[in-house]
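See structure below.
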Amino acid sequence: QVQLVETGGGLAQAGESLRLVCTGSGRTFRYSVMAWFRQAPGKGREFVASIPGVGAGDNPWYSDSVRGRFTISRDNAKNTVYLQMDRLKGDDTAVYYCAGGNSNEIATTENRFDYWGLGTQVTVSS
């Protein structure tokens, strides 16, 4: 019943932008830390960005590989989380997963998240 669904993936050229959307249903994620992870072909799942839930401040956290290029945000009234991806690179090619945690505080590791979407493919070419 509780679901996270990612949309907005697709094909982009290097230097272009995409915006991913994660929509929750079955419960509110207002108080949940939310995050984006990604998994490239033949590689493990990698942390991308995290944003705290209500009561844990307003400052997100990013991996070094995306900091300055990606922006995570949320609209709790819509039960949604976004990932604005600017100045895309070939190394950004991966399946991107949305995740929600039990805590409201920033988290960056898979074991901190209880709910996962099925992922959306992002392919960057040049």
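The values are calculated or read from the model by the stated rules, or taken from the named source; none is laboratory data. Remember, predicted model here, so these are calculated numbers, not experimental data. Please note: Cβ atoms are built from the backbone with ideal geometry, for glycine as well, and neighbour counts cover all protein chains shown. Side chains included, ligands, DNA and RNA excluded: accessible areas come from the protein's heavy atoms. Shrake-Rupley method; radii C 1.70, N 1.55, O 1.52, S 1.80 Å.
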Search result, residues across the range 1-42 that are of a type in the set (Phe, Trp, Tyr), open to solvent by less than 20 Å² (accessible area, probe 1.4 Å) and within 15 Å of Asn76 (Cβ to Cβ): Phe29
Qualifying positions in the range 43-71 - crowded, with 22+ Cβ neighbours inside 10 Å and among the β-branched types (Val, Ile, Thr): Val48, Ile51, Val66
